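**Student:** I'd like to ask some things about the structure below.
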Amino acid sequence: MTNNIALLVSALLIVPLSASAGTDVEFSGTLVGEPCVVSMDSEEQTVSFDGLSVQQFASATRSEARTFAIKLEDCDLSVGDQVSVRFIGTEDPSQPGAFQVNGDATGVAIAVEDASGQAVKPGILTAKQPLQSNETILNYKAWAQVIDRSALQEGSFTTTVSWVLEYE
């Protein structure tokens, strides 16, 4: 009888060790061969058009421009010395070349241009710009635009536009 008890006690001591569960740690990342690092300041931006008045579009087709920039740092010119940007968003069907907005407001779209005044169109690469070794700042202007004033209705609006860099 003592042998059976000893085996049972031994089995009870072994069970917790063999029944213990392990946990995994997963490491992941992406190794890229791009010439520049995108500044943290450029990754998530908000361009506000708060306070626009319907009346201001009575005599103008666009609001005052708001500026934003994409800042590239630590560029390695041996990997690439030029960059183009593709802005990805929904094109407004009634205002080709501008980005469609969502929300209560109607008749308004967002238009963008680069520092040289060239229109930035949804899904189309911008002109190539030279990279600088330390830092390259790509400057843009955006504005709210109205083509058909009769379609203009007040309300809030938003749109999300992503961008992708293409190096050469």
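**Student:** Could you say which residue among 112, 164, 108 is buried (at least 16 other Cβ atoms within 10 Å of the Cβ), of a type outside the set (D, E, K, R) and within 20 Å of residue 41 (Cβ to Cβ)? Before the answer, list the steps.
**Tutor:** On the way: 164 fails: buried (at least 16 other Cβ atoms within 10 Å of the Cβ); 108 fails: within 20 Å of residue 41 (Cβ to Cβ).
Selected residue: 112, the only one of 112, 164, 108 that is buried (at least 16 other Cβ atoms within 10 Å of the Cβ), of a type outside the set (D, E, K, R) and within 20 Å of residue 41 (Cβ to Cβ).
**Student:** Go through the range 132-150 and count every residue that is within 19 Å of the chain's Cα centre (by Cα) and in a helix (DSSP H, G or I).
**Tutor:** Matching residues across the range 132-150 total 0.
**Student:** I've got another one for you. State whether the residues of the range 95-117 include one that is over 20 Å from residue 33 (Cβ atoms), in contact with a helix residue (DSSP H, G or I) (Cβ under 9 Å, 6 or more places away or on another chain) and of a type in the set (Asp, Glu).
**Tutor:** Within the range 95-117, not a single residue is over 20 Å from residue 33 (Cβ atoms), in contact with a helix residue (DSSP H, G or I) (Cβ under 9 Å, 6 or more places away or on another chain) and of a type in the set (Asp, Glu).
**Student:** Taking the range 92-108 as the region of interest, how many residues are β-branched (Val, Ile, Thr) and within 15 Å of residue 61 (Cβ to Cβ)? Don't jump to the end; show me each part of the working.
**Tutor:** Of all residues in the range 92-108, those β-branched (Val, Ile, Thr) come to 101, 106, 108.
So of that shortlist, the ones also within 15 Å of residue 61 (Cβ to Cβ) come out as 108.
Number satisfying all stated conditions: 1.
Residue-by-condition table, conditions (1) in contact (Cβ under 8 Å) with a residue 60 or more places away in the chain; (2) under 21 Å from residue 69 (Cα atoms):
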{"site": "79", "(1), (2)": "yes, no"}
{"site": "95", "(1), (2)": "no, no"}
{"site": "105", "(1), (2)": "no, no"}
{"site": "116", "(1), (2)": "no, yes"}
{"site": "135", "(1), (2)": "yes, yes"}
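**Student:** I'm checking my understanding of the structure. Among residues of the range 51-75 that are among the polar types (S, T, N, Q) and without any contact (Cβ under 8 Å) to a residue 60 or more places away in the chain, which one is surrounded by the most Cβ atoms within 10 Å (Cβ to Cβ)?
**Tutor:** Applying the filter and picking the extreme gives 56.
**Student:** Residues being at pLDDT below 85 and surrounded by 10 or more Cβ atoms within 10 Å (Cβ to Cβ): count how many of those fall in the range 26-42.
**Tutor:** Looking only at that region, the number is 1.
The values are calculated or read from the model by the stated rules, or taken from the named source; none is laboratory data. Just so you know, these numbers come straight off a predicted model, no measurement behind them. Glycine also receives a Cβ, built like all others from the backbone with ideal geometry; neighbour counts cover every protein chain displayed.
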